[in-house]
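Please read the structure below before turning to the comments.
The values are calculated or read from the model by the stated rules, or taken from the named source; none is laboratory data. The structure displayed is predicted, hence computed values, not measured ones. Cβ atoms come from the backbone with ideal geometry, glycine included; neighbour counts cover every protein chain shown. Surface accessibility is based on the protein's heavy atoms, side chains included, excluding ligands, DNA and RNA. Shrake-Rupley method; radii C 1.70, N 1.55, O 1.52, S 1.80 Å.
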Amino acid sequence: MLYHPDKHRDPELKRQAEQLFNLVHQAYEVLRDPQSRAIYDVYGKRGLEVEGWEVVERKRTPAEIREEYERLQREREERRLQQRTNPKGTISVGIDATDLFDAYEEDYEEISGGGGGGGGGLPHIEINRMHISQSIEAPLTTSDTAILSGSLSTHNGNGGGNINLLLPSAVFYATVGPLVFYLAIQRLVIRPYVRAQQEQEIEKQRESSASDIAKKKQEAEAAVLLMQESVRRIIEAEESRMGLIILNAWYGKFVTDNSRKHERARVIDVTVPLQCLVKDSKLILTEASKAGLPGFYDPGVGEEKSLKMLYQFRGVMHQVLCGDTEALRIPKQSHRIDNDS
């Protein structure tokens, strides 16, 4: 109703409303069809575009598509963990079973002697050698990898290296020792390198999606213009009942840590879009990225974002800060700002 072209007389607003109304219509056509909706829920917009990307078994039921998606997610996480450390371990044991295979000769001699006496019993088998090794890989660069390993071995009661017996302490030094070194390298070398790589990747994403961000920003600004009249009526109704008034609302990347002052905050004003969502003195946001809300767009692609809001309810000031995908329901007593603060 908000974006319907017939609701706007101004030619420019009418043109912007037509563009946004077409997007709403496309979304409705997807969500009204159970099959299309299930594919979109799992694969996103790419799942609806056949050209350049093929969805495996598009005719599966929604439950099967979601189950397949969860399975692929688990496998992806397992592969990512394996690729990061690639842990390897081997245990080899040498067994002396000579007595077992020598039993045939004893039986033959016993039979050929015609006798009955008999030794026998169970054959004697013993472990005379054991080797344990453990290794962990720590990627330093795209082409260089550090390998941390340890091992211990025993043969006929004598241990290799500095040990003579197979003791729990030896296992500790051969397995936990390399892990301690790995954690040290992880903290001093790998984490700073990975952080720098992530920042470069975020910058690449931002550059590659610059045109898409500009388009989303334009759509969001157009939506805010179209909301103005509805927001004015909503505020009048809320003020008459001392209801919910959004005073200020900001969405994006906030920099509050002193150690990150060199980073630039990326936030947008979303006061109008949130006020437009207020109904009967309540605002309810579900568990999803808020960048998809009407009048919103993503000001920091690939970065952690939050929503910060200052609102008034029953004449009392309230404030809340929530994560990007965190569900939110206001007003709440816990958001109230005390007069002393």
> Between residues in segment 222-246 that are farther than 30 Å from Pro11 by Cα and residues that are open to solvent by 30 Å² or more (accessible area, probe 1.4 Å) and basic (Lys, Arg), which pairs lie under 7 Å by C-beta distance while being six or more apart or on different chains?
Replying inline: Met242/Arg314; Leu244/Lys282
> Tell me, which residue of segment 23-35 that is without any contact (Cβ under 8 Å) to a residue 24 or more places away in the chain and of a type outside the set (Asp, Glu) is surrounded by the most Cβ atoms within 10 Å (Cβ to Cβ)?
Replying inline: Val30
>> Can you pull out every residue in segment 292-317 that is open to solvent by 30 Å² or more (accessible area, probe 1.4 Å) and more than 30 Å from Glu203 (Cβ to Cβ)?
In response: Leu310, Gln312, Phe313, Arg314, Gly315, Val316, Met317
> Across segment 267-291, what is the number of residues that are over 17 Å from Val231 (Cβ atoms) and open to solvent by 30 Å² or more (accessible area, probe 1.4 Å)?
Replying inline: 6
> Only one of Leu2, Leu20 is part of a loop (DSSP other than H, G, I, E, B), surrounded by 10 or more Cβ atoms within 10 Å (Cβ to Cβ) and either modelled with pLDDT of 75 or more or not assigned by the TED database to the domain that holds Glu70 (or both); which?
Replying inline: Leu2
> Hey, any hits in segment 26-46 for a residue that's closer than 30 Å to His131 by Cβ and either modelled with pLDDT of 70 or more or not in a helix (DSSP H, G or I) (or both)?
Replying inline: no
